[in-house]
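What follows is a set of notes on a single structure, which appears directly below.
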Amino acid sequence: MTIQVDDAGWGDPVGGVFIGVFRVETSEYVVKEIEVTHFQEPNFDNKTFLARGLELVLEAFNCLGMTLDEPIQVCRGVVLDGVREGLNEKGYKVIPTKIEGQLQELVEANFVESLRQMGIPDIPRVSGKERFFRQLEWIQDDLEHREQYAKTGWKNWPTKLRNWRPKWRRKHRASLKPPIIIKLGGSVISDKTQRSTPRLDTIQQLVSEIVAIESHPVIVVHGGGSFGHFLAREYQLREGGRSQEKKIGVTKTASEMTRLGHLIHGAFLKAGRPAVPIRSSSIIVAIDGRITHMDLQALREFLRQRFIPILSGDVVADTVRGFTIVSGDQIAMYLARLLHSTQVVFATDVDGLYSADPKEHPDAKRIDLITPDTLDAIFDEIAVGASSVGADVTEGMRGKLTEIFKGLPDDCEVLITDIRQPGTLDKIINGKPVPATHLRKHP
Ligand code: IP8
């Protein structure tokens, strides 16, 4: 039988290099990774990747039960120099070849998936300029923490790549204006005390305020309200699980969230503004309750064409728990970071957070500004009227504030307020003062 060996990732600035070993006749396949540290100094200069590559290929041969008489087609790439040489010395029949077809696709797909797992958004499957710059920009966006994942041993890394953003690329990036993200709280759009009870008039009112925004792209994320939280709590979906019963709970919740989403989408249709539902469970993967992957390719395209994408808190796949509930808050902040938004508006049924329930205590004071330094003191103080009523598996207002600060980018401001009053949203977007609680990283 014939064995093929191919690599992927040699020309990519992020991650190690993957080596795939494939038995053509049976499609048996083993993939290994030469770790990124072999492409950093001093290893890269010492070409330690050559010996490591050979070691990994021999491990793969072991898995496949290789014999010396099987011919081995090895890709001609530099990274496999050590593999070809080492195998020859050990008496294997090595044939340097250009590998195409199934193996090339497999190993390339595994490499790209590893980049996705790291959190690089919208990474194209095929290698080329776009894939290269997506990686570079991802590193540059948080150089301090992410440079450890780069092939920093490349000669041009310190001199050029680590800070390189060519002119055409700056233009390309600038072409999508950062969107305003509007999170519609579940307690505004539904009656949280009654199962699956929408507030249709309020939804329409909110939507008519949103569609009036012409100056910026807008993304809407809505909460689960009484469509999501009753079921999520009943089946304890946030904790995940594997049982059939729980999976039925997932199915019911997904179905109810679709129903709520349909009502909101319908309100946009009625208002005559192009809007498109984007199912969170189709684009998000979580690890142990936290979003680690969000595929934004379709959303970006729709945004460019001035559609309003509508997402929601949802039940999503989780690689540890099986599935979990991610809140609309987590989604909104994750989007804000990926899309460089400078404003996120949390629409609730009160114009901010108060020191006591303003409906019962007319003397309650609104908290105008919260920063990470004042957060703990605020936790002791807040009460938020109707927003805190009802069954909420994503932890109500305390969870909301924690979530916002976890994901808050440096130059982004979050407002918690009531946008039902005509013109409020317009004022916010134009930087005019409105009664609200502001959340910022810095005072
Ligand atoms: O209302 C939770 O989203 P949230 C979504 O934003 C579900 O916390 C399905 C309960």
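The values are calculated or read from the model by the stated rules, or taken from the named source; none is laboratory data. No experiment lies behind these values; they were computed from the predicted model shown. Reconstructed Cβ throughout: ideal geometry from the backbone, glycine too, with neighbour counts over all protein chains shown.
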Among the candidates ASP373, ASP410, ASP418, which residue alone is modelled with pLDDT of 90 or more and either closer than 29 Å to ALA212 by Cα or among the basic types (Lys, Arg) (or both)? ASP418
For THR159, indicate whether it is farther than 19 Å from THR292 by Cβ, surrounded by 18 or more Cβ atoms within 10 Å (Cβ to Cβ) and among the hydroxyl-bearing types (Ser, Thr, Tyr). no
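Among the residues of the range 27-52, which ones are polar (S, T, N, Q) and either at pLDDT 95 or above or closer than 25 Å to ILE139 by Cα (or both)?
Hits for the range 27-52 are THR37, GLN40, ASN43, ASN46, THR48.
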Options LEU369, LEU353: the member that is away from the ligand (no atom under 13 Å from the Cβ), buried (at least 20 other Cβ atoms within 10 Å of the Cβ) and either more than 15 Å from the chain's Cα centre (by Cα) or over 26 Å from GLY423 (Cβ atoms) (or both): LEU353
Pairs, first among the charged types (D, E, K, R) in the range 234-254, second within 14 Å of the ligand (Cβ to nearest atom) and in a loop (DSSP other than H, G, I, E, B), C-beta under 6 Å, six or more apart: ARG238/VAL393; LYS246/TYR235
Check PRO198, PRO178 and return the single one that is touching a Leu at 6+ places or on another chain (Cβ under 7 Å) and either within 12 Å of GLY225 (Cα to Cα) or among the hydroxyl-bearing types (Ser, Thr, Tyr) (or both). PRO198
Take the residues in the range 192-248 that are crowded, with 22+ Cβ neighbours inside 10 Å and away from the ligand (no atom under 16 Å from the Cβ), then tell me which one is farthest from LEU263 (Cα to Cα). PRO217
Test for ILE284: is it within 11 Å of the chain's Cα centre (by Cα) and of a type outside the set (D, E, K, R): yes
